[in-house]
Every structure is written in structure tokens, then in C-alpha cells.
Amino acid sequence: MAEGTTSALPVLLVIVPAAVACLIPILGRTWLWSREVLALIGAVGAFAFSVWAAGEVLGGAVLTAFGGQLYMDALSALLVVLVSLVGLLATIYSLRYMKHHAEGGETEAAATERRLSAYYGWLMLFIATMLWACVSNNIIMLYVAVEASTIASGLLVAHYWNRRALEAGYKYLMLLTVGITFSLFGCVLVYTSGANILGGGRGLLVSELRTIAGQFPTTTVALASAFLIVGFGTKAGIAPFHPWLPDAHAEAPTPVSALLSGVMLKVAIYALVRTVSIFYPEHASVATFALALGVFTLVLGDLMALAQDDVKRMLAYSSVSQMGYVLMGFGIGTQLGLYAGLFHLVNHALAKSLLFLAAGAVIYSTGVRSISQLGGLAKRMPVTSFCFFAGALSLAGVPPFNGFQSKLALLTAGALIGSWWAVVLALATSLITVLVLLRAAKSIFWGEASAQISEVREAPAGLCATMAVLAVLCLAIGVYPQGVYRPLKAATVALETVSAPRHQLADRLPSQAVPGGRQFAWKAGDKVCTNRLLHTR
Amino acid sequence: MPEISPKLIHTLSLMMIFTSFAAVEARNLRHATTAYLFQALLICGLLASYALQNPSLFYWAATALVTKAVLVPWFLWRATAGAEQETKPIIGFGVSAVLAIALLLVMYWFTHAHASLFINLKGPNVPLAETNLAVAFTVFALGLYGILTRRDAVKTVIGLCLLENGVHLSLVSLAPTIRETALAGIATEVVVTVYLLLYIIAGIREKHGTTDTFRLSELHW
């Protein structure tokens, strides 16, 4: 598994947006139009290479570059496609959205216009660093890439340069850097123990570390996983390390909020599960800890979301909660649990980006962010309201949307290992999610329109198109989950080779989704692996 | 292979802790920056001493010299122009000093006694590794203490630098065979983070008229 095909694709998909990021400040100064064109080229290029690489990986290849330093298996491929897809949509959305703020936004028009070059440059760098983190196999460079994505997004969060944005930017950079330094300690501890066993530089590669993690001393495992969970968990918005998240998500320009919530949190949780899950087979308590933390996060996030009036802050706290669901899946640790965690990760990325973009469209058209001041927009903004409802229903776990499928898988996985307390709490929180999101949707789009927003028009086509793509994806995955079954299963197996002892790697998931059976077909497939888990525990 | 003098390492290590204490406790931001500069030079000295045994650390020492001893102090010096006095912290000077000393003693003693938690102790260099780890964790803890208890945004950045110094110092014993690219990445990121943070703090000073983090209170809940 560790040795793969050498390929230029993992390099290209990082280099293209990174190169564009360097070009934008240079060329954008002379030709103002070039920054948008270049950003589009960078985002499209990254997406094209990602899809190409993912196609090869789905065909059974494992792509590597620089002698295994970059490594792309099905799990990396899943994340890479997700990041570049949301990156592309956010870039397209920015083209119109950021112009608008330049015209009549919160700060001086001239200053904002100048900063647009910087905006697109950092945006491309942000996308490039997240892609880099997804394909990085060197455990220290994984830390470097994750921290680089923090740096690249710091000025994006503070982009509007007003009091609120600056405060959010300061908190964001400070808290994330401190948090991520803990994960460096964790990575270094893993590296040291690995180097003791493997010797030399080989101990740096995650794909090799996972084969020997069982030989680490227990105290090292405890310390390293604590450091890694605090470090990457801070960036993934896991409670109680989440306080930066609502500020940054709410104050950043909307396309950046969509990227932060939609994919940056996912990259962080990917780094978390990639590193921590190497301890699962021998140290089940690490998984249990992750499960407990996940459940705590999902409950707390939704309770906080309930108290919000600012639409973006509400969505931000809801992200905290949904990341709790993802972590819960990874904490369950069975094959179905990992599958459900990854499935929910994908669904949340699509649905939450959709919700942020829709909220952005509302702000674009009305200039109002407070839920209580909005109302009656459904008639005037039909596309936006449809998209917002699609995202809200998806996250609330209402069929036929995708969120229903992943939450069902998650709860089934929890029930199968007998963690009823987690299932009950997750189910109860799901009801709060319905309440939070549908109450907000109802208040924004139904009811009486207040006088100040009576002259509202639908958001421009560029904004609507990006939202429509995400809404259609949410619905399509919900109606036809078999479509994403293969890549998700491949990613689960890639992750699970970490968490299951080698001789138990046989395909336990049904090799094809049962048409019509959907998630329910899982129960039979997972029984075996649950029994195995109960025995090994 | 040349021998490393344990006396030299111990002296430099003790001074590391002393400069951390000074950087956290000094109320004048420029004095704190100076203390940080001394610490950066000490790190370079320590790295160079360890490099007698492990020559690849010379590269690390050179990187540290450029990033920690030149760039970061320069940024801090610029950021403190005209605003040298720190916003009064939550804890008064006397109490804070006592707390910091208690913290550093406990941290040093604990890590020194339990270095085997972190590394597989064997070979002739065990005492050196123990000292190195104990100092690294103490500097880390003092940095964290600074970030948590200081109100001044610039001071929290100095705390962050100490935190990073602690981690980087620990790499000497924990990851001696680490690649140069990884080291360069780690060192560069600290500088860029500090630069961006100070850039944003300059914006905060302009818009809020203060660098007191307690008065950054527009975002609650």
C-alpha cells in the first residue's frame, strides 16, 4: 500500500493555484482584470487536476511524488476533490460578490478595490495550502501545510479591515497558531517514536508510521494523541477549542466563510484522523475519547447556534455541531463509523458551503445580517430561498437530502457498537438542528417583509449558479447515495487499513451498493466488523 | 566526534529560562523584545553546541539566527514604536512573578524527571537530552502562561514566540534526523505568522485606538 505510482498530478494540483497566487499581485497591479481571470484559471486548474488524479486513484492506483513525500490514496483524493470543488465555486462566487462590496461596501471603496488583488492572491494560496495538506504524507510537513493554510487565510478573515474583522483576524491567527503548535509537539512525538523503531528519515511518513504505531509506548501514545487532538481539533472547530470559529466565519467575506466552514475544517479533521487513527488498533481508548469529544461538540455547537441572531454566526455554530457528528463517526471507529464520518464530512461540506453562499446572497441583496430583521424574501429571491431550504433540510437530516443518509449511517454505527448514550444525544441534537435551521429559514424567507427590505431583487446569476450546483449535489446524493458509495468506500478502506490489524483487511462492506436497499443494506455488512470490534475490545 | 561541554549547555539552558521569564514579566515591550532577542541568540548558541555532535543542526542554527534573532525582533521593534508600555495585565507584577517562577520550577522538575515519557532514553547523551527537554517544555509553558494572562496584544505575540521557541528547541532531542525542508517550513511559518499578527495588530491600534485585548469586545457569543 505504501509504495505507489509516481505521478506529477499531486504536485500539479498544488502548484497551479500556488503559482497563480504568486502571479496575481504582480500582474494584477498593471491589469486589474487579470486578477479575476487568473484566479479563475487557478481554481479551474486545481479542480481539473484533482478530478483527474481522483479518477486514477479510484482506478486502484496510489499516486506518490518526491519519493513518497506526497501521497494520494482514496482518502486524500476524496478531500482533494472536495476542497477544489468548493474552492472553484467560492472563486466564481467571489467574482461578483467582492465587486459589490467594492462598490458600496462597509469600507472605503478605493481601499477595498486595491485590496482585491491581495484577496484573490491569498484565496488561491489558501486553496493551494489546503490541497497540499491533503496530499502531504510527511508528518512534519502535514503540520507545516495545515499551519500554512491558517496563515494564508488570516488576512482573508480580516479582509474588510473594520473593527469586527480585525478582532476576528487577531483571534483567528493567535488561537489557531497556539493550537496548531500543540499538534507540532504531537507530530514530533510520533516522529520520535517512529524513528526509534524505523530509524532515520523514514519515520516521517504517515503511511509507514501506521504500520508500526502498535509498538509505541502507551505513555507516548497518550501524550501524542492528546497533543494532536488539541492541535488539529482547534482548527477543526472541536469544542472546547472552538471560540475562534464563530468570529472568523461571521466576519470573513462570505466566499471565505464558505471555504473555512466547508473545507478548512474538513482538512483539519482529516489531519486529525489521519494521525490519531494510527493508534486505534492497539489503543481503543483513543477512539472512545474522540467519540466523547465529538458528542460533546455536537451538543454544545447546536445549543450555541440556538442563541444566535446573526445569520452567519448561527451557521458557524451549526458548523461546530456538525463537526461533532463527523468526529463522532471517526470515534466510533468501526468500518461503518468511519464511513459515516466521511459521508457526513462530504455532506456537511456541500450543505454548509451552500448555506453560507445563500446567506451571502441574502446579505448581498438586502445588506442585513440579522435573522430577526429579515422576512418574506421567498417571493423576491426564489432561487436563494430554495437553495437555503435545501441546505437547511440537508443538515437537519430530513430525507430526501444527503444529510439524512449520513446521519442514518452514523446513528446505525453508534447503535451497533452499543453506544446508546451517543446515539440518543446525537438524535436529540438533530432535532435541535431542525429547529435552529428551519426557524432561521422560515424567519428569513417567509412571513412579513419589513419596510427597509421591500425593494429586494434576486441575487445575480453568478451567485445563484454556484448555489444551484451545490443544492443539486445535496439532493442528488440524498436521492441516489449509491453514486458516492464507491469513492467513500475506497476512502474508508484507506483509513481503515490504519485502524484494523492487517489480516482483517478483507472487504467487509458489500462490494456493491444494493439498489433500493441504500443505507439499510449496511447493517448486514457491518455486523461482522462490529463483532470483531467487540471482541478485540 | 567533539565532546559537548555539559557546563556550557547548562549555562545556556539556564539563561534561556531566565530570558523567557524576563520576556514575559518585563512591562516595557521593548525590554521584552530585547529579552526575546537574547533568547534567540541563546537558542542559536545551543543549537550550534548540539551541532558539534549532529552537524545537520548547524543548518537549523543558521535558520534560527535569521528568523528568530533578526526578523522577529525587528518586526517586534517596529510594532512597539511609540507604544512601549504594555497594557496592565490581569495579575500584578509580584503575584505574576511568583506564579511564573513556580510554573517554571514545576515544569522543569517534572520534565527533567520524566523525560522518558517523551523519548526512548538510551546512550551516552541522556543527561543532555533531559536538560534539553526540560528547558524546552519550561520555555513552552512560560510562553503559554504569557499568552493566557497578558492583555496586551503585542505581548501575546511575544508569548507566542516563546511557545514556538520551546517547541523548536525540543526538536534537538526529539527529531535530530529531521529534514531540512521541514525545518525551513517550520521556521518560516513562525516569522510569517508573527508578521501577519503584528500587521493586524497595527490595524487594531488604528481602528480601536488600543492593543488591549480586553477591549476587543465587539464579538461576543
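Below are the figures for this structure:
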| read-out | value |
| --- | --- |
| Global geometry of the stretch A:326-381, whether rounded, prolate or oblate, following the gyration tensor of its Cα atoms and the 1.5 cut on a/c | prolate |
| Residues A:242, B:10 arranged by fewest to most Cβ contacts within 10 Å | B:10, A:242 |
| Longest segment of chain A lacking GluC sites (Glu not before Pro) that sit in a DSSP loop with at most 13 other Cβ atoms within 10 Å | A:109-447 |
| Relative contact order for chain A, counting Cα pairs under 8 Å that sit 6 or more residues apart, in percent | 14 |
| Listed residues B:201, B:178, B:17, most fluctuating in chain B (Gaussian network, C-alpha, under 10 Å) | B:178 |
| Euclidean distance between Cα centres, the stretch A:1-73 to the stretch B:77-121, Å | 43 |
| Net charge of Cβ neighbours under 12 Å - reference residue A:36; Lys, Arg +1; Asp, Glu -1 | +3 |
| Local electrostatic count at residue A:146 - Lys and Arg +1, Asp and Glu -1, tallied over other residues with Cβ under 14 Å | +1 |
| Computed [θ] at 222 nm, deg cm²/dmol, chain B (DSSP H ≥ 4; -39,500 (n - 2.57); rounded to nearest 500) | -24000 deg cm²/dmol |
| Ranked A:383, A:424, criterion: other C-beta atoms within 10 Å, fewest first | A:424, A:383 |
| The protein assembly as shown: C-alpha gyration tensor shape, a/c 1.5 cut-off, then a/b vs b/c | oblate |
| Length-normalised contact order of chain B in % [C-alpha pairs under 8 Å, at least 6 apart] | 24 |
| Lysines whose Cα lies under 17 Å from that of residue A:379, excluding same-chain neighbours fewer than 8 positions away | A:442 |
| Convex hull volume per residue for the stretch B:6-215, taking Cα atoms only, in Å³ | 104 |
| Cα centre as origin, Lys/Arg/Asp/Glu Cβ charges: the protein assembly as shown dipole, Debye | 680 |
| Placed amide H near residue A:205: partners under 5 Å, 5+ positions off or other chain | A:139 |
| Karplus-derived 3J(HN,Hα), 6.51/-1.76/1.60, for each residue of the stretch B:92-101, Hz, glycine and proline x | x, 4, x, 4, 4, 4, 4, 4, 5, 5 |
| Neighbourhood net charge (12 Å Cβ-Cβ; Lys/Arg +1, Asp/Glu -1) for residue B:195 | 0 |
| Cα gyration tensor shape of the stretch A:267-309, rounded if a/c is under 1.5, else prolate or oblate by comparing a/b with b/c | oblate |
| Distance between the stretch A:227-267 and the stretch A:391-460 - C-alpha centres, whole angstrom | 20 |
| In order through the stretch A:180-193: 3J(HN,Hα) via Karplus (6.51 cos²θ - 1.76 cosθ + 1.60), integer Hz, x for Gly, Pro | 6, 5, 4, 5, 5, 4, x, 4, 5, 5, 4, 4, 4, 4 |
| Sparse-neighbourhood loop sites, chymotrypsin sites (Phe, Trp or Tyr not before Pro) in the stretch B:145-215 - DSSP loop, at most 12 other Cβ within 10 angstrom | none |
| Of A:99/A:235; A:171/B:155; A:352/A:489; A:312/B:207; A:235/B:155, pairs whose Cα-Cα distance is over 19 Å | A:99/A:235; A:352/A:489; A:312/B:207; A:235/B:155 |
| The stretch A:309-322 - phi-based ³J(HN,Hα) in whole Hz, Karplus 6.51/-1.76/1.60, Gly and Pro as x | 10, 5, 5, 6, 5, 4, 5, 5, 5, 5, 4, 3, 4, 5 |
| Neighbour-count order for B:140, A:356, fewest beta carbons within 10 angstrom listed first | B:140, A:356 |
| Farthest toward positive dipole pole in chain A [+1 Lys/Arg, -1 Asp/Glu at C-beta], among A:30, A:277, A:341 | A:341 |
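Where a number appears in this text, it was derived from the coordinates with a stated rule and is not lab data. Model, not experiment: these values are computed from the prediction. Cβ: placed from backbone, ideal geometry, glycine included. Neighbour counts: every protein chain shown.
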